[in-house]
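Engineer: This is the structure, below, for whatever I ask next.
The values are calculated or read from the model by the stated rules, or taken from the named source; none is laboratory data. Computed from a predicted model, the values in this text were never measured in an experiment. Please note: Cβ atoms are built from the backbone with ideal geometry, for glycine as well, and neighbour counts cover all protein chains shown. In case anyone asks, the SASA skips ligands and DNA or RNA and just uses the protein heavy atoms, side chains included. Shrake-Rupley method; radii C 1.70, N 1.55, O 1.52, S 1.80 Å.
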Amino acid sequence: MKKFIYQLFFTIALPVLIFVITWVYLVRNSTWNNFGILNFQVSKLVQNKDKHFNVVFIGDSSGGNAINTEGLNAINLCLTGSYGFEGNEAFLDIIDDHITYDTLVVINNLGIFSRTNTPMAKWVPNIHSENVFKLLPAIKKSLSFSKPILINYKKYGFNYKSKTTRDYFLSEVKTDKKVNVVSEKLKKEKIIEFKKFTHRLSKNPKVKTFFFLGPTLPYNEQYYQNILTFLRINKISHQPSRPFLLNEQSKGSSEHHISRAYSKQSTQYYLNLIRK
């Protein structure tokens, strides 16, 4: 019986354990996709430890691509939509441990309230954890990215990394989409998550907070009105005008990404909203 157990361990359990440890190393040190953007933004916080900024931008990739902090006393710490409001709530704790700021601007894409939750948020507070079990939900999620990650590592080795600007990952492709297609229905779990997130935003009364919708191609009017109604009912500060509208020239790699060449325009747009 003991011999059978040993054989079972070496043929099944040990390879699985080696795989998990290897995958933890890959995703923790990744400079690609969801894991990579978190590593990238945390490294910026470490580099700017104890500094004070006028404005901090957080949110998802629509904000990450929209904000160009060149020449500003500001820092772009946007993650991706997979982290959701829960991930940004956890990320704020890390941010507050490193820097201080006067204004916090949250920018999420128009479809954030109809997006399905993912376990990526669990990765944020455990980014440096040695407890593999805490990381399992995010590791499981990471397997959905396994094929492109492994292809990139095979092609480029461990030196593979996404192109970056001072603010965010740089994508030089342009989407073929002409409009931003989102469901009219807001997901209940996202609304609950957002309410909890706004409670976290109010913890520091000295910091001015704003929530804006990121740049987008032409969109579903009813969905937009549903969001405004929700924000109004819950007395949440939001943009007094419509999202920055993308066109054929300014659109980037998705229906809610602006091309880096036009990011100064979108940055000024959101700064103007803050000053109104």
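Engineer: How would you order 76-85, 60-69, 225-234 from highest to lowest mean count of nearby Cβ atoms within 10 Å?
Structural biologist: With the highest mean Cβ count within 10 Å placed first, the list reads 60-69, 76-85, 225-234.
Engineer: For Thr164 and His199, compute 0.36 nm times the residue count separating them, minus their Cα-Cα distance, and round to one decimal in nm.
Structural biologist: This chain segment gains 9.4 nm when fully extended.
Engineer: Per residue, how much accessible surface does segment 29-102 expose to a 1.4 Å probe? Answer in Å², no decimals.
Structural biologist: Averaged over the residues of segment 29-102, the accessible area is 30 Å².
Engineer: Follow-up. Of the accessible area of segment 191-276, with the probe set at 1.4 angstrom, what percent is carbon plus sulfur?
Structural biologist: 55 percent
Engineer: If each residue of separation counts as 0.36 nm, what is the full-extension length gain between Ala261 and Glu70 once their alpha-carbon separation is subtracted?
Structural biologist: 67.5 nm
Engineer: Between Lys206 and Val181, what is the spin-label point distance in nm, taking each point 7 Å from the Cα along the Cα→C-beta axis?
Structural biologist: Simple spin-label model gives 4.9 nm for this pair.
Engineer: Which GluC sites (Glu not before Pro) in segment 194-276 pass both tests, a DSSP loop state and at most 15 other beta-carbon atoms within 10 Å?
Structural biologist: Glu248
Engineer: Let me ask another. If R₀ is 22 angstrom, what is the calculated FRET efficiency for the pair Val173 and Asn247, using the beta carbon separation as r and rounding to 0.05?
Structural biologist: Result of the calculation: an efficiency of 0.85.
Engineer: If you count only protein heavy atoms with a 1.4 Å probe, what accessible area per residue comes out for segment 180-276, rounded to a whole Å²?
Structural biologist: 54 Å²
Engineer: Calculate, in nm to one decimal, what Gln222 and Ser43 gain on full extension: separation in residues at 0.36 nm each, minus their alpha carbon distance.
Structural biologist: Between Gln222 and Ser43, full extension yields 60.5 nm more.
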